[in-house]
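One structure below.
The values are calculated or read from the model by the stated rules, or taken from the named source; none is laboratory data. Everything numeric in this text was worked out from a predicted model, so none of it was measured. So basically every Cβ, Gly included, is an ideal-geometry build from the backbone, and we count neighbours across all protein chains shown. Side chains are part of the model used for accessible areas, which takes the heavy atoms of the whole protein and leaves out ligands, DNA and RNA. Shrake-Rupley method; radii C 1.70, N 1.55, O 1.52, S 1.80 Å.
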Amino acid sequence: MLIQTVDPMGAATRALRRVPEDVADVALAAAFLAAMVVERARMLSGERLAAAIALSVVMAGCVALRRRVPYAGYIVGSTALMAEALWIAPSPISPYANLVCLYSLGLYATRSRARWGPLILIPGVVAYFAKFPSATLTMPAGVLFTWWLAWAVGYGAARRHEEQRAARQAVRRAAVADERLRLARELHDLIGHTVNVMVVQAGAGRRVLDRDPGKTREILTGLEHIGRDALTELDRVLGLLRRHEPGGLGDLLDTSPGIAELPRLVERMAQAGVRVTVRMDPAVSDVIPSVDLSAYRIVQEALTNALKHGGARSASVTVRHDGRAVDIEVCDDGRGSPAGYLPGRGLLGIAERVAAFGGSVEHGSVERGGGEHGGEHSGGDRGGFRLRAVLPVP
């Protein structure tokens, strides 16, 4: 089911959610800036102090923007850090602001941009330790390892978030596909049954139009009632497509037909010339709505096939409920099925409904001698079509 929703508050809601994050980043940047300014003021003076404070402001600004522009923020912050180390004096605090930006690059940047972090780090470390001639090799190596570790933590967390988003999207796509399939079955069962009954009745009305106006009037009245019922049900199903927040299966089940509607279905079939007898356990009325709807649709589709494809004049419907499953059997006296037949959309829809409950379905022609065959026959005259579906009750 494709649903396009308009949420005028969505952008505002997302903006409000970002406010605490932005405030936290600005507070962190202000703390770094205060610490860097105090440290620089103790060591430098004059123009060098002014230049150092300016670079500190740049690095603190990169911390404040670490979520919004992680890639640019890290590059600008690293450039400022290298300039400070080479031309003013290395600071013991500003590298940690760069560490935060490197972690944010791995966490918030795209996959391709985040991978530049470890490479950009190398010239930054080299520039920082250039003013420490007495520094041993273990010091820059330790810094490189620590900074790379921070980047790896952020990068790994971002990839896990991507996998989770992909999994959620896959679930949503599967839900949309299931919704499409379910509504397609509903529309097929509704429209297919109604149109077939109306076509048969229209043909009957045409044949008696001249010689029996009263019968014609009765047939036209039945057509009108069937059409009105179909429009009501069609409007109900299509109404789900127009909802901003679809309620899923529950909304459809609240107003869908069930086994209790079988008498009306039998009446429509009788108007179309198919006499239907129904035997049903009283306990069937207590099943859950999803099973109730599926049972009704299975009977409806089986009778529609008997009318449309089998040319049946009579049919029998048996619905049993033993507490564990609903057993549905529909037999007709029509032409049966040709040898090697393939199920059409209606039978495939029945199979999908049954599979949703983990049940079983079988169908095929019935020989007048009593044998049953699911598509190929070994002799005897075909005496109709039989469908049996078992729906386990959850």
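Here are a few things to note about the model shown:
- Full-extension gain in nm, residue 83 to residue 159, via 0.36 nm per residue minus C-alpha separation: 24.1 nm
- The packing ranking, built from the mean of other Cβ atoms within 10 Å per residue, places the peptides 116-129, 153-166 in the order 116-129, 153-166, highest first.
- Integer Hz, Karplus 6.51/-1.76/1.60 couplings in order for the stretch 270-277, x for Gly and Pro: 5, 5, 8, x, 10, 7, 10, 10
- For residue 280, distant residues with modelled amide H under 5 Å away: 319
- 5 angstrom amide H check on residue 384, placed H, neighbours 5+ away: 336, 366
- Sum of side-chain charges, residue 90 neighbourhood, beta-carbon under 15 Å (Lys, Arg +1; Asp, Glu -1): +2
- Förster radius 51 Å - calculated FRET efficiency between residue 355 and residue 34, Cβ distance, rounded to 0.05: 0.20
- Projected label points at residue 278 and residue 208, each 7 Å from Cα along the beta carbon direction, are separated by 2.3 nanometres.
- For the stretch 65-72, putting each phi into the Karplus relation 6.51 cos²θ - 1.76 cosθ + 1.60 with θ = phi - 60° gives couplings of 9, 5, 8, 6, 10, x, 6, 5 Hz, in residue order, rounded to whole numbers and with x for Gly and Pro.
- Computed from label points 7 Å out along Cα-Cβ, the spacing between residue 231 and residue 137 is 8.9 nm.
- For the pair residue 113 and residue 220, a Förster radius of 45 Å applied to the C-beta separation gives a FRET efficiency near 0.05, rounded to the nearest 0.05.
- Förster radius 30 Å - calculated FRET efficiency between residue 168 and residue 22 (Cβ-Cβ, nearest 0.05): 0.75
- The value for the stretch 65-211 of Rg(Cα) / (2.2 N^0.38 Å) is 2.20.
- 3J(HN,Hα) couplings calculated from phi for the stretch 338-355 with the Karplus curve 6.51 cos²θ - 1.76 cosθ + 1.60 (θ = phi - 60°) are, in sequence order, x, 4, x, 5, 10, x, x, 4, x, 5, 5, x, 4, 4, 5, 4, 5, 4 Hz; Gly and Pro show x.
- Net charge of neighbours whose Cβ lies under 12 Å from the Cβ of residue 356, counting Lys and Arg as +1 and Asp and Glu as -1: +2
- Annotation: amide H-H contacts under 5 Å for residue 325 (H modelled 1.01 Å from N, sequence separation of 5 or more, or interchain): 393.
- Heavy-atom surface of the stretch 51-175, accessible at 1.4 Å and reported per residue (Å²): 52
- Cα-centre dipole for the stretch 17-158 with unit charges at Cβ (Lys and Arg positive, Asp and Glu negative), debye to 20: 320
- Length available on full extension from residue 42 to residue 122: 0.36 nm per residue minus the Cα-Cα distance, which gives 25.9 nm.
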